[in-house]
Amino acid sequence: AAEAGEVTPAAAPPVPPRSPPTDLERGLRRSPKFLYDDRGSQLYEQITRLPEYYVYQAEKELLAAQAGAIATHIPSGSIVVELGCGDSSKTAILLAALLRRSEANALRFVGVDVSGEALRQTQRSLARLLPELPAEQVELVEAEYLAGIQEVRARHPNAFLTILWLGSSVGNFSPGEAADFLAALRAAAGERSQLLLGADRWKSGGVLRQAYDDSQGVSAAFIVNGMHHVLRTLGHPDAGDPSLFQYDPVVNAKLQQVEMWVGATRRVADVLPGLHIEAGERVLVEISRKFTTESVAAMAFAAGLCQGGAWGGPVYGLHLLQP
Ligand code: AVI
């Protein structure tokens, strides 16, 4: 019998059996940033403000409720490193808890992001939200995550690093990619480090569907924009045609993930030489895996990490993973 979590819209085709990813999907997964061009970044920011997209607010509330408890696991003198400059108001909640506990001059924050503009924005808003943190103790590293952590380690060879990876972005990685990435992060950061990971929880019912198929169509626009970004980058003549792709998300209870598919309304010829998307063909653009405490522990174990603390409830979790 179908669980309540297996929510498929009445009009959508049944969930297809999982086939091996197409060349196009493999290509997309090799460049996960394709969703975040300027328009994609704007749309994602809009998503975080949607009433249906509970993920953002749930993490922020959890951080606010548990910052004091989490702070007790962060050694004094630890450098707090954030992967991806999300919203600095979340970061500021944790930094404020650390500042309540120790001298301002004992705290250092490093933001790592591929976007220099996002970094500078984080720096400005942290200065506003947390004026007691001296500006010279905020560092910016413009780099991919792993290169960024290597750079932080090179700058601070002996420091204890507490790395924040929030927003449940780990859910956008396949299980294998997540384990490889966490293991590589562990290797780059070294033994004197730990990771505070945000992980959205699997939940049944319509909550996930609404979060990824909102009534204003922002999620749809975000995913379809990713496809057009790819076509534009490839110089494809169909790039930008608004009727080309139809968003068709699926909540997959078996794999505990939301799958963001698009269906082609007509043939898209030569996406790459000899690679076509046929009319009616569906392409898996993004996955958002959802977790349980056990599945996070298993993912950590696969990466050679163990769980030193976990906070949260049925909606969202924060996990402290240690070498
Ligand atoms: C960034 N990431 C955690 C988002 C998510 O919830 O998987 C990306 C997203 N895709 C569609 N909506 C939001």
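The values are calculated or read from the model by the stated rules, or taken from the named source; none is laboratory data. What you see is a predicted model, and the numbers here were worked out from it, not measured in a lab. All Cβ positions, even for glycine, are placed from backbone atoms using ideal geometry, and neighbour counts span all protein chains on display. When the accessible area is computed, the model is the full protein with side chains, heavy atoms only, and any ligands, DNA or RNA have been set aside. Shrake-Rupley method; radii C 1.70, N 1.55, O 1.52, S 1.80 Å.
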Q) Within the bounds of the stretch 264-278, is there any residue that is within 16 Å of the ligand (Cβ to nearest atom) and of a type in the set (A, V, I, L, M)? A) no
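Quick one: would you say Ala211 is within 13 Å of the ligand (Cβ to nearest atom), in contact with a Gly (Cβ under 7 Å, 6 or more places away or on another chain) and within 20 Å of Asp87 (Cβ to Cβ)? Break it down into steps so the answer makes sense when it comes.
On the way: within 13 Å of the ligand (Cβ to nearest atom): yes; in contact with a Gly (Cβ under 7 Å, 6 or more places away or on another chain): no; within 20 Å of Asp87 (Cβ to Cβ): yes.
Spelling it out, it is not the case that Ala211 is within 13 Å of the ligand (Cβ to nearest atom), in contact with a Gly (Cβ under 7 Å, 6 or more places away or on another chain) and within 20 Å of Asp87 (Cβ to Cβ).
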Inside the stretch 285-311, the number of residues satisfying the requirement of being closer than 25 Å to Gly68 by Cα and touching a Lys or Arg at 6+ places or on another chain (Cβ under 7 Å) is 3
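Show me the strands (runs of 3 or more DSSP E) found entirely inside the stretch 208-303 where at least 1 residues are polar (S, T, N, Q) and open to solvent by 30 Å² or more (accessible area, probe 1.4 Å). Outline the logic, then answer.
Values: elements: 245-247, 250-252, 257-264, 268-272, 275-277, 282-289.
Answer list for the stretch 208-303: 245-247.
Yes or no, residue by residue, for (1) open to solvent by 20 Å² or more (accessible area, probe 1.4 Å); (2) farther than 18 Å from Leu119 by Cβ; (3) in contact (Cβ under 8 Å) with a residue 12 or more places away in the chain; (4) away from the ligand (no atom under 16 Å from the Cβ):
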| site | (1), (2), (3), (4) |
| --- | --- |
| Ile149 | no, no, yes, yes |
| Val152 | no, no, yes, yes |
| Pro157 | yes, yes, no, yes |
| Ser168 | no, yes, yes, no |
| Phe173 | yes, yes, yes, no |
| Ala187 | yes, yes, no, yes |
| Gly190 | yes, yes, yes, yes |
If we ask which residues in the stretch 93-142 are surrounded by fewer than 20 Cβ atoms within 10 Å (Cβ to Cβ), in contact with a Ser or Thr (Cβ under 8 Å, 6 or more places away or on another chain), of a type in the set (Gly, Ala, Ser) and at pLDDT 90 or above, their number turns out to be 1
Residues in the stretch 54-92 that are small (Gly, Ala, Ser), within 16 Å of the ligand (Cβ to nearest atom) and surrounded by fewer than 22 Cβ atoms within 10 Å (Cβ to Cβ) total 2
- Message: Just to be sure before I move on: is Gly226 touching a Gly at 6+ places or on another chain (Cβ under 7 Å) and within 12 Å of the ligand (Cβ to nearest atom) in the structure I sent?
- Response: yes
